[in-house]
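Structure first, then comments.
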Amino acid sequence: MKRGLWLVLLLGFSALSFAPERAKADLDYLVGIGPRVAGSPAAAQAAEYLARQARAAGYVVEFQPFSYTRSRDTGSSLSLGESRLEAFALSGSPGGVFEAVLQAVPGVGAAGDYDSLDVQGKIVVVRRGGIPFLEKARQAAARGALAIVVVNNEPGGVRGTYGATGPIPGVTVAGREGEGLFARSGERVRLVVGSVLEQAQARNVIARHADSQAPGVVVGGHYDSVPGAPGANDNASGTVTALELARTLLAESWARDVWFVWFDGEEDGLWGSRNFVQAYPEWVRGLRAMINLDMVGVRASSALGIGGNPALLELLEQSGVRFNDIGGSGGSDHTPFAQAGVPVLFFHWGIDPNYHQPTDTVADAQIMAETAGVVRLALERILGR
Ligand code: BES
Ligand code: ZN
């Protein structure tokens, strides 16, 4: 073969294959920004970076702005006598400072646990588990309780959410310290719930081929992270895997209708993906699949986990891909698409010890490359290449 042809092939391949060193540079950049909390300057910087990179690769990029109300805990505590316990306001809880009598409720605070108890004007304490936080609060509120304290069912603390605006103020306390509260019924306590409501201005980043009018497949992942965590594995890993995959796919004519979407506001309750689904019903109706990448940079389990649509999973299995079928569950951005009837695939490597911690600072580009290879195969099968 002529030398020139070899060169063309070589250049062709290097442009078309996933480059771990490029993905690592993207990851280092995003992690270096710090926690990418939706609506923060850091998240804005991350979105600009993604847009710049996707444009440089040749995509047409647009932002999809949206806003939502979220609650933030500025510091919460429960004091009785000399002792002061640290508390976490439930997300969606009203805030305030309350002094009242503590009332222990046996069990998890379900309807039947209140038999012959008078909780009117009191602060109730219940155990975590069994029913959602919001349901516990509703049961307490229906009986006139002022506020609710939920003791974790593990020694440490837990950050919980009402998943909506709660009817009364609610906090969690660590199991280790909180268990003692059940023996303190009748004592006066002081509860500080530092919950404040704020408006988050967020935006998704949408990248498409200039000649594509509607997406055939959406590949994406959230780029926001929780406060205090630089979110390397959760989810700079999925973000940059999608970005590098995007670079490698642009020149492929069969992949022209693969659109890339980086979602914001996932950690506050899937706001980005829900807004996408709501704002673009016609695109969503036309989708053959949505592929979500969330936590794909740390090998926290023995095999790649893939969940979602059974027919798509079957397709992958028949293509010889080895993976753990993780079923249809998972709190991430594929869920609003699945609820809208889109066949989804959800890729992740399991929950690592640094999940939602300040120590979430590393992700391995080789694992991301491996994941991207499977996503590419899925795209080829779905798009009938
Ligand atoms: N990355 C997680 C979801 C996840 C968990 C992926 C385990 C892979 C394995 C996501 O960012 C998250 O934390 N989701 C929340 C729910 C969401 C609705 C706020 C969760 O799982 O608690
Ligand atoms: Zn995540």
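Exactly one of (1) modelled with pLDDT of 95 or more; (2) over 28 Å from L30 (Cα atoms) is unmet by A378. Its number?
(2)
From the list A255, A300, A338, which residue is surrounded by fewer than 24 Cβ atoms within 10 Å (Cβ to Cβ) and near ligand 1 (Cβ under 10 Å from one of its atoms)?
On the way: A255 fails: near ligand 1 (Cβ under 10 Å from one of its atoms); A338 fails: near ligand 1 (Cβ under 10 Å from one of its atoms).
Criteria check complete, one pass: A300.
For the range 307-330, check the following and say yes or no: at least one residue is modelled with pLDDT under 95, within 16 Å of ligand 2 (Cβ to nearest atom) and not polar (S, T, N, Q).
Checking the range 307-330: at least one residue is modelled with pLDDT under 95, within 16 Å of ligand 2 (Cβ to nearest atom) and not polar (S, T, N, Q).
Name the single residue that is farthest from the chain's Cα centre (by Cα) among those in the range 224-244 being more than 8 Å from ligand 1 (Cβ to nearest atom) and charged (D, E, K, R).
E244
Output the number of residues of the range 279-297 satisfying the condition of being away from ligand 1 (no atom under 14 Å from the Cβ), assigned to a loop (DSSP other than H, G, I, E, B) and touching a residue at least 40 places away in the same chain (Cβ under 8 Å).
Counting residues in the range 279-297 that are away from ligand 1 (no atom under 14 Å from the Cβ), assigned to a loop (DSSP other than H, G, I, E, B) and touching a residue at least 40 places away in the same chain (Cβ under 8 Å) gives 3.
Residues being in a loop (DSSP other than H, G, I, E, B) and either of a type in the set (V, I, T) or touching a residue at least 24 places away in the same chain (Cβ under 8 Å) (or both): count how many of those fall in the range 119-148. Lay out the reasoning, then the answer.
Initial filter on the range 119-148 (in a loop (DSSP other than H, G, I, E, B)): 119-122, 128-132, 143-146.
Cutting the leftovers down to either of a type in the set (V, I, T) or touching a residue at least 24 places away in the same chain (Cβ under 8 Å) (or both) gives us 119-122, 128-129, 131-132, 143-146.
Residues in the range 119-148 being in a loop (DSSP other than H, G, I, E, B) and either of a type in the set (V, I, T) or touching a residue at least 24 places away in the same chain (Cβ under 8 Å) (or both): 12 in total.
Looking at the range 149-174, which of the residues that are assigned to a loop (DSSP other than H, G, I, E, B) and among the aliphatic types (A, V, I, L, M) is nearest to S77 (Cα to Cα)? Explain how you work it out, then say what you get.
First pass over the range 149-174, keeping only residues assigned to a loop (DSSP other than H, G, I, E, B): 152-160, 162-169, 174.
Add one more test, that the residue is among the aliphatic types (A, V, I, L, M), and what stays is 158, 164, 168, 174.
Values: V158: 14, A164: 22, I168: 16, A174: 11 Å.
Out of the qualifying residues, it is A174.
For the range 272-286, which residues satisfy the criterion of being surrounded by fewer than 22 Cβ atoms within 10 Å (Cβ to Cβ) and not β-branched (V, I, T)?
Within the range 272-286, R274, Q278, A279, Y280, P281, E282, W283, R285, G286 meet the criteria.
Let me spell it out: the conditions are (1) under 23 Å from the mean Cα position of the chain (by Cα); (2) at pLDDT below 95, and A43 meets all of them except one. Which number is the exception?
Going through the list (1) under 23 Å from the mean Cα position of the chain (by Cα); (2) at pLDDT below 95, A43 breaks only (2).
Check off (1) outside any helix (DSSP H, G or I); (2) among the polar types (S, T, N, Q); (3) within 16 Å of ligand 2 (Cβ to nearest atom); (4) farther than 14 Å from V375 by Cα for S302 and give me the number that stays unchecked.
Going through (1) outside any helix (DSSP H, G or I); (2) among the polar types (S, T, N, Q); (3) within 16 Å of ligand 2 (Cβ to nearest atom); (4) farther than 14 Å from V375 by Cα one by one, S302 breaks only (3).
Those residues that are more than 8 Å from ligand 1 (Cβ to nearest atom) and under 20 Å from T371 (Cβ atoms), I need them from the range 214-223; list them, please.
Residues of the range 214-223 more than 8 Å from ligand 1 (Cβ to nearest atom): 214-221, 223.
Within the range 214-223, V217, V218, V219, G220, G221, Y223 qualify.
What about F276, is it within 16 Å of ligand 1 (Cβ to nearest atom) and within 22 Å of V344 (Cα to Cα)? Steps first, please.
Values: within 16 Å of ligand 1 (Cβ to nearest atom): yes; within 22 Å of V344 (Cα to Cα): yes.
Taking the combined requirement at face value, the residue satisfies it.
In the range 14-67, which residues are of a type in the set (D, E, K, R) and out of contact with any helix residue (DSSP H, G or I) (no Cβ under 8 Å at 6 or more places or on another chain)? Please lay out each step first, then the result.
Kept after step one, since they are of a type in the set (D, E, K, R), are these residues of the range 14-67: 21-22, 24, 26, 28, 36, 48, 52, 55, 62.
Selection gives D28, E48, R52, R55, E62.
V158 is checked against (1) surrounded by fewer than 21 Cβ atoms within 10 Å (Cβ to Cβ); (2) under 19 Å from S195 (Cα atoms); (3) at pLDDT 95 or above and fails just one. What number does that condition carry?
(3)
What are the residue pairs meeting all of these: first residue in the range 222-240, first residue under 16 Å from E48 (Cβ atoms), second residue part of a helix (DSSP H, G or I) and within 12 Å of ligand 1 (Cβ to nearest atom), Cβ atoms under 6 Å, and 6 or more apart or on different chains?
Once the first residue is under 16 Å from E48 (Cβ atoms) and sits in the range 222-240, its partners that are part of a helix (DSSP H, G or I) and within 12 Å of ligand 1 (Cβ to nearest atom) give Y223/T239.
Of everything in the range 331-351, what is part of a strand (DSSP E or B) and either within 14 Å of ligand 2 (Cβ to nearest atom) or modelled with pLDDT under 95 (or both)? Give them in sequence order. Full working, then the answer.
Within the range 331-351, the first condition is being part of a strand (DSSP E or B), and the residues that meet it are 344-348.
Across the range 331-351, the qualifying residues are F346, F347, H348.
Filter the range 214-226 down to the residues that are part of a loop (DSSP other than H, G, I, E, B) and farther than 13 Å from G265 by Cβ, then identify the one that is farthest from ligand 2 (Cβ to nearest atom). If you could, list the steps in order and put the result at the bottom.
Narrowing the range 214-226 to residues part of a loop (DSSP other than H, G, I, E, B): 214-216, 223-226.
This time we only want the ones that are farther than 13 Å from G265 by Cβ, so: 214-216.
Details: A214: 27, P215: 22, G216: 25 Å.
Step by step, filter the range 214-226, then rank; the result is A214.
The values are calculated or read from the model by the stated rules, or taken from the named source; none is laboratory data. Values in this document were obtained by computation on a predicted structure and should not be read as measured data. Every residue, glycine among them, receives a Cβ derived from its backbone with ideal geometry; neighbour counts consider all protein chains shown.
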